[in-house]
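The values are calculated or read from the model by the stated rules, or taken from the named source; none is laboratory data. Only a predicted model underlies this, so the values are computations on that prediction, with no experimental measurement involved. So basically every Cβ, Gly included, is an ideal-geometry build from the backbone, and we count neighbours across all protein chains shown. What goes into the accessible areas is simple: the full protein's heavy atoms, side chains included, and nothing from ligands, DNA or RNA. Shrake-Rupley method; radii C 1.70, N 1.55, O 1.52, S 1.80 Å.
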Amino acid sequence: MSIFWFSIFVILLVIELSTANLITIWFAIGAVISMISSAFIDGFLIEFAIFVASSFIMLCVTRPLVKKFKINEVQPTNSERVIGKK
């Protein structure tokens, strides 16, 4: 079952690398935690519950920190000088 969680991790990591918004990184970490837990637990439903819970916890804990340190400055362009002019 750890191969399944590893493949989910790789898929989520590829999706994360193709975007720039930190969307699936928490789910990828949840997949790693589930992959580690699959060495000790045989039930898929328990592993899936661990995946959902760990992803949710990672999302709730780290999302505010990422938003705090993310720079949201807008770089003005020349086209903005034309807005509102005739």
Largest to smallest principal axis extent of the C-alpha atoms in the chain, angstrom: 69, 23, 17
Residue-level accessible surface for Thr77, protein heavy atoms, 1.4 Å, Å²: 70
Carbon plus sulfur fraction of accessible area for the chain, probe 1.4 Å, in percent: 73
Cα-Cα P(r), segment 44-86, percent of pairs per 10 Å interval: 22, 22, 18, 17, 13, 8, 1
Residue-level accessible surface for Ile33, protein heavy atoms, 1.4 Å, Å²: 60
The chain - accessible surface per residue (Å², probe 1.4 Å): 78
Inter-site label distance for Phe4 and Ile57 at 7 Å from Cα along Cβ, in nm: 2.1
Potential lengthening between Leu45 and Leu22 on full extension [0.36 nm per residue; Cα-Cα distance subtracted]: 5.6 nm
